[in-house]
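Values quoted throughout were computed directly from the atomic coordinates according to the rules given, and no laboratory measurement underlies them. Note that the structure is a prediction, hence the values are computed from the model and not measured. Cβ: placed from backbone, ideal geometry, glycine included. Neighbour counts: every protein chain shown.
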Amino acid sequence: MISQQHRFHGYTSLSFVYRHGSTVRNQQLAIRCVRNARRSSYRAAVVVGRKVQKSAVVRNLIRRRLYEIIRTHQAAIVEPYDIVLTVFSEQLAELPAAKLSAQVVGLLTEAGILKSVPEPSRVIVKKQSNSVK
């Protein structure tokens, strides 16, 4: 989940992005963004409507997955953008993480938000063998 500093909500903030932002979309997801010179870092919001899925649990799952993808690639977002991700399909809840990440990163790159896509850091934990001799 991204930090509170990087999230925004509220009708006024969203309506500004909807009125002045540029849109990049595919069949399942749309990204609308506008550069915000009054801020020092990006802000992001994820909108998943009730038409997409009636269950709040599934809507929140989609929202959490998208926030996590943005968080793992936040080092590549260098300019202060206001970003709104709008979901159109409930299939994002069951899509494998690699495919979902590739979709979101592709749209963010196409929109000009991501400058270079770094690999997200992964921690590898080795299991210790507990063999008795």
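Quick notes
- Cα Rg, Dmax, the chain, angstrom units: 16.9, 70
- Lysine pair number, Cα distance threshold 30 Å (strictly under), the chain, separation 8 or more or different chains: 5
- Against the main long axis of the alpha-carbon atoms of the chain, helix 56-72 sits at an angle near 80°.
- Nearest-ten-degree value, helix 97-111 long axis tilted from longest Cα axis of the chain: 30
- Share antiparallel - DSSP beta bridges, region 4-111, percent rounded to 5: 60
- If R0 is 30 Å, the Cβ-Cβ spacing of LYS115 and HIS20 corresponds to a FRET efficiency of close to 0.85.
- Helix axis angle, 11-20 relative to the chain longest principal axis, alpha carbon, degrees: 70
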